[in-house]
Amino acid sequence: NPAIRAFFNGLLMRETLLAYHGEIHVTALAGMFCLLAPWEDKAPLRVPGRSLKTRWLNNFGLWMISLIVAYAVLPAYGVGLALLSQDNGWGVFNVVNLPGWLEVGVAVVLLDFALWLQHVILHKVSWLWRLHSVHHNDHDFDVTTGLRFHPVEVIYTTAILSGAIVATGASPFAAFLYLLGLTLNEFFGHANIRLPHGFERRWRLVFVSPDYHRIHHSQEITEQQSNFAAGVFSFWDRLFRTYHSQPKAGHLAMGVGLPEFAEPRFERLYGMLVQPFVAARVPAAVEQARDTDR
C-alpha cells in the first residue's frame, strides 16, 4: 500500500527521529515496565526476599541520577551523535556504501558486540568491577535491577557505545533501533518472570532472556563470569565460550547479590553511590576465584 509505505518512510526520516526519538524511548520503556511489573507481582518466578518498596525507590533514584550525570557529561549520544557522524562523514558506513537494510543489520550487530565487550571488561578490570558491583549487588533480581547502575559506570558504557556509533558510522535509524532494543531489554532481561520452557529455549538462541541473564547475577563465581550478553543478542557468549546454560543450584535456589555488600545500607541510594569506594571484606575463596577468572 503506497500510503502505508509513505507513512513508515516518514517515520524513518532523520528529522522525525531527531525530533521524537526521546519520546519513543520513554514511551517504550514505560510500556515495558507496565507490562512486566504486574506480571512479576501476579506470577513471580522467585519470591522477593527484601522490601520491594525500598529496592524500587532506590533503584529508580539511582537511575535518575545516572541519567542526569551521563547527559551532563556526554550530551551528544545515540541518534544525535549518529546524525553528527553522518553530516561529517565519520565512520565506516559513511565511507563504504551498503544497501540500507544491510547497513542497519550490520551496525546493530556491531553495536551489540561493543556492549558485550565492554561488559566483559567491566568484570576483568578491578576498578571497573567496583563500579559494576553496584549492579550485581541487588539481592533480588527483578525489572528494576536493570536500572541499578552507578553513574560513573553509565558514563563509561555511554562513552563506549558513543565511540562505537562514531567508528561504525551507524545511521541514525540503526542507532535508534539498537538503543531502543537495548532500552527495552534492560527491563525484560532482568524480569522476575517465568517464560514457557520451549519459548525461552528458542528465544535465547538469538536474544537475551531473563533466565539467560539471571545466571550472570549468580553468587557462584563461575556463573557470574559467564553469560555476559546483556544487550540484545545472546550468541556472543557461545561464540567466545562464555556461555553457561543453567545455574548449578537452579533458578529458584541460586543466590544473587554480593555477600560482601549484604548490609541493608547498600540497598539505599547513598550506599549504592559510595559502594565502589568502600573496602569490602571479600571472603578469601571468593577473591581467589575472581582473581583466577580475571
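At the listed q of 0.09, 0.16, 0.17, 0.22 Å⁻¹, the Debye profile of the range 124-266, built from one uniform point per Cα, gives log10 I(q)/I(0) equal to -0.28, -0.92, -1.04, -1.62. Karplus-derived 3J(HN,Hα) values for the range 184-194, using 6.51 cos²θ - 1.76 cosθ + 1.60 with θ = phi - 60°, are 5, 7, 4, 7, 4, x, 10, 6, 8, 10, 10 Hz; glycine and proline are entered as x. Applying the Kirkwood pairwise sum to the alpha-carbon positions of the chain produces a hydrodynamic radius of 20.0 angstrom.
Remark: spin-label model distance ALA262-PHE240 equals 3.1 nm, labels positioned 7 Å along the Cα→Cβ axis.
Compute the Cα gyration tensor for the range 218-265, then decide on rounded, prolate or oblate, letting a ≥ b ≥ c be the square roots of its eigenvalues: rounded whenever a/c is under 1.5, prolate when a/b is larger than b/c in the other cases, and oblate in all that remain.
On the way: a/c = 2.52, a/b = 1.83, b/c = 1.38.
Prolate shape, in that a/c is at least 1.5 and a/b is the bigger ratio.
Compactness of the range 130-194 was expressed as the Cα radius of gyration divided by 2.2 N^0.38 Å, which yields 1.27.
Per residue, the Cα convex hull of the range 76-142 amounts to 142 Å³.
Across the range 83-93, rounded Karplus estimates of 3J(HN,Hα) from the backbone phi angles (6.51 cos²θ - 1.76 cosθ + 1.60, θ = phi - 60°) give 5, 4, 5, 5, 5, 9, x, 7, x, 4, 6 Hz, Gly and Pro being marked x. If I build a Gaussian network model for the chain, linking alpha-carbon pairs within less than 10 angstrom, which residue out of HIS216, HIS25, HIS197 has the largest mean-square fluctuation? Comparing HIS216, HIS25, HIS197 in a Gaussian network model of the chain, the most mobile one is HIS197.
Length available on full extension from ALA279 to TRP129: 0.36 nm per residue minus the Cα-Cα distance, which gives 52.7 nm. With Cα atoms defining each centre, the range 142-182 and the range 34-77 are spaced 17 Å apart in the structure.
Here ALA76 and ALA43 are evaluated by their C-beta separation; at R0 = 45 Å the FRET efficiency comes out at 0.60. Remark on the range 184-286: ratio of C-alpha radius of gyration to 2.2 N^0.38 Å is 1.18.
Using the per-residue mean of other Cβ atoms lying within 10 Å as a proxy for protection, in what order, highest first, do the peptides 263-272, 41-50 fall?
My ranking of the peptides, most packed first, is 263-272, 41-50.
Annotation: amide H-H contacts under 5 Å for ILE193 (H modelled 1.01 Å from N, sequence separation of 5 or more, or interchain): LEU45. Bridging of LYS42 to lysines at a Cα separation below 25 Å is possible for LYS53, once same-chain residues fewer than 8 apart are set aside.
Just so you know, all these numbers are worked out from the coordinates, no wet-lab data involved. Being a predicted model, the structure only gives us computed values, none of them experimental. Cβ: placed from backbone, ideal geometry, glycine included. Neighbour counts: every protein chain shown.
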